[in-house]
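Accompanying notes for the structure given below.
The values are calculated or read from the model by the stated rules, or taken from the named source; none is laboratory data. Given the structure is predicted, the values throughout are model-derived calculations rather than measurements. Please note: Cβ atoms are built from the backbone with ideal geometry, for glycine as well, and neighbour counts cover all protein chains shown. Note: accessible area is taken over every heavy atom of the protein model, side chains too, but ligands, DNA and RNA are not part of it. Shrake-Rupley method; radii C 1.70, N 1.55, O 1.52, S 1.80 Å.
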Amino acid sequence: MHCKVRNHSDLDMRKTLPLVKSLYSYAQRKMGFNHPADITFQSDAKNANLNLGKTAYYHPDTYTITIYTDKRHIKDVLRSMAHELVHHDQNCNGAFEGSFESGPGYAQKDDRMRELERDAYERGNMIFRDWEDTYKQALNETNYYRKETPKMSKNITE
């Protein structure tokens, strides 16, 4: 499933993009959302200097995820991505149809939005955790085979 990734931050996409693609594909397989999400990595120095600044948000009308990256570890950025992908899945399944509150305190004021947030925290963290373990295992197996594969003897001929 095609996903547009925009980088409006200082992230080194040579290192980041393979992780983003892998996590996105994993989340799509696990959740089964039927519409691609677009992801924007955003720099915002003013936000980054706030102790409780924004980390990410999902815009259901445009199927867009925005993730703030300044002063954050890539693992935290990817965890935010997993959380927002759950909101994307919820949107694809109709959870954002009709009116809903999205301003400050929305998860405390609206029981439905609180449940959607709980779901995003739970599923997002578990999807991230499962993806990370799977990704690391694949890397370790690859590294194991690279290290452990015996070199061919020059003394053997066909």
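Couple of notes before you dig in:
- Extension gain, Arg129 back to Lys15 (0.36 nm per residue minus Cα-Cα distance, nm): 39.1 nm
- Surface composition of the range 37-76: carbon plus sulfur atoms hold 50% of the accessible area, using a 1.4 angstrom probe and ignoring ligands, DNA and RNA.
- Protection proxy ranking, peptides 35-41, 81-87, average beta carbon neighbours within 10 Å, highest first: 81-87, 35-41
- Averaged over its residues, the range 1-132 has an accessible area of 58 Å² per residue, based on protein heavy atoms and a 1.4 Å probe.
- The range 1-67 - Debye-derived log10 I(q)/I(0), Cα point model, q = 0.12, 0.20, 0.28 Å⁻¹: -0.35, -0.90, -1.31
- Per-residue 3J(HN,Hα) values for the range 118-124, derived from phi via the Karplus relation 6.51 cos²θ - 1.76 cosθ + 1.60 with θ = phi - 60°, read 4, 4, 5, 5, 5, 5, x Hz in sequence order (x marks Gly and Pro).
- Take Cys3: with every protein chain present and a 1.4 Å probe, its accessible area is about 30 Å².
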